[in-house]
Amino acid sequence: MNITYSTKNLTILIWIVNLCAICASTLSYIYLSYYTYKETDNLLYSQIVLFSPMVLPVVFVGQIYRLSDRISPRTLLLLSNAVALLVAVLVYSILPTVALIAIVGGVAIGTLDALQRVGRIVAIKCYFNSQNVESTVPLTLTAQFIAGGIAGATMGLVKGEMMPWQAMLITATLFAIAAGAAFLLPKADRPASGALPPSAALIATFSQLMKTTPSLRSSFASFIIFVSVYQGFFNVSRIILPAHVLGLSEGYVGLLQAVNSMAALAGAILYYKLNKRGHRLAPLSMAGASALFMMTAAYGGGFASSYIAYFFYIFFFELAFFKLQSDVVLATPANAMPLVASVQYAGVYAGMIITIFFGSLLVEHIGLFATSMVFAGSYLIVMKLLSSGLKPVEQTV
């Protein structure tokens, strides 16, 4: 039986997949990280759990690319969620006995999450035309922000501290719903990329694409640097700020995640409305505003001031993020989208591993506020160097 899918129906299905899968993954990251911190009283172990999801997507970028190129977005999303469900049941069952299984869980769920992230970007490119891409990106990704808020609120609403079996039940249910929504997606009719390059030639193939597409090269580099630094700091601070700097309980860790999600959702809605009216935001200006609030939040003056500042740090981050992500999708040829999306997430994860690692070390020695100043200053310096390097190639913006 042939079913006709409208743009609205496709958006809703992808939105549901995003909502449930990201909610389950986010809950796992923050819960496993906090559980490790609580059980070991070690900040480094807690941070390792947070950056463990990013390791294998960097190491196996070639394999992720091949999967995303050979398998339709529908199948990729369906299988990723089904396997993630099984992983969640296994990890949470073992967690009370072996707390550091949280690291293994982070690695496994993070790898499946990376597959889904690539699948979602490829799906947007496949299911929507170029006129709808720039508005579809924030619209479909609003689910991501609501998901983060639900994940954070869930930790705060459970009476007492959330038990591993409760986290297992919630995440398994969410992954099951995401798999069901993915099953309802139609088969994607997308251009084949042709012969897949061997692993050794992957970098060369990608490099050649960058050389022949100047607009993509500029957008791609800007995106990687921005997300690596700003989201890297987010990962450094989302447990350390409430639990270590402010000395708050588990519920406030969840509340900060909810604040992050509300800010991101507000940014997505504003970006969508501005885009529909033809307004274009300058990513560097949004990044500058985000940096100011990042440092204000990290100062740790108190619960209210830190959490309000954190809201605006994420709000302006998202305004810049959507513009940079849309630029990457629009500048990428349709048949190269799996390759670019795979390398994009590998690049972001590699960058975030570096920023989280050094950020954690910096926090131990100079505190969160000084670390935020280092992050903000480093971003501005790198972007200045990047701008100077691209100036001979890029004549217009």
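Taken along the Cα-to-beta-carbon direction at a fixed 7 Å, the label points for residue 86 and residue 183 span 1.6 nm. Going down the table (187/273; 211/276; 276/384; 323/384; 211/273; 8/125), which pairs top 22 Å between alpha carbons? Those over the limit are 187/273; 211/276; 276/384; 211/273. If a spin label sat at a point 7 angstrom from the Cα of residue 380 along the line to its beta carbon, the backbone N atoms of the range 295-324 nearer than 20 Å would be those of 295-300, 309-310, 312-321. Of the residues 13, 105, 263, the one whose Cα sits farthest toward the positive end of the charge dipole of the chain, with +1 on the Cβ of Lys and Arg and -1 on the Cβ of Asp and Glu, is 13.
Long hydrophobic helices in the chain: the complete DSSP H runs spanning 27 Å or more by Cα along their own axis with mean Kyte-Doolittle hydropathy of at least -1.0 are 7-40, 73-94, 101-127, 130-157, 164-183, 214-239, 250-276, 303-331, 337-390. Dipole check for the chain: with +1 at the C-beta of Lys and Arg, -1 at the C-beta of Asp and Glu, and the Cα centre as origin, the magnitude is about 1060 Debye. Label separation (residue 173 vs residue 335): 4.6 nm, computed from points 7 Å beyond Cα along the C-beta direction. Net length available on complete extension from residue 98 to residue 12 is 27.1 nm, with 0.36 nm assigned per residue and the Cα-Cα distance removed. Given (i) 0.95; (ii) 1.08; (iii) 0.99, which label gives Rg/Rh (Cα atoms, Kirkwood Rh) as computed from the coordinates? So the structure-derived entry is (i). In terms of packing, defined here as the mean over residues of other Cβ atoms within 10 angstrom, the peptides 171-178, 270-277 line up highest first as 171-178, 270-277.
Any read-out appearing in this document is the output of simple, stated calculations on the displayed coordinates, not a laboratory observation. Note that the structure is predicted; figures quoted are calculated from it, not measured. Methodologically, a virtual Cβ is constructed for each residue, glycine included, from the backbone with ideal geometry; neighbour enumeration extends over all protein chains shown.
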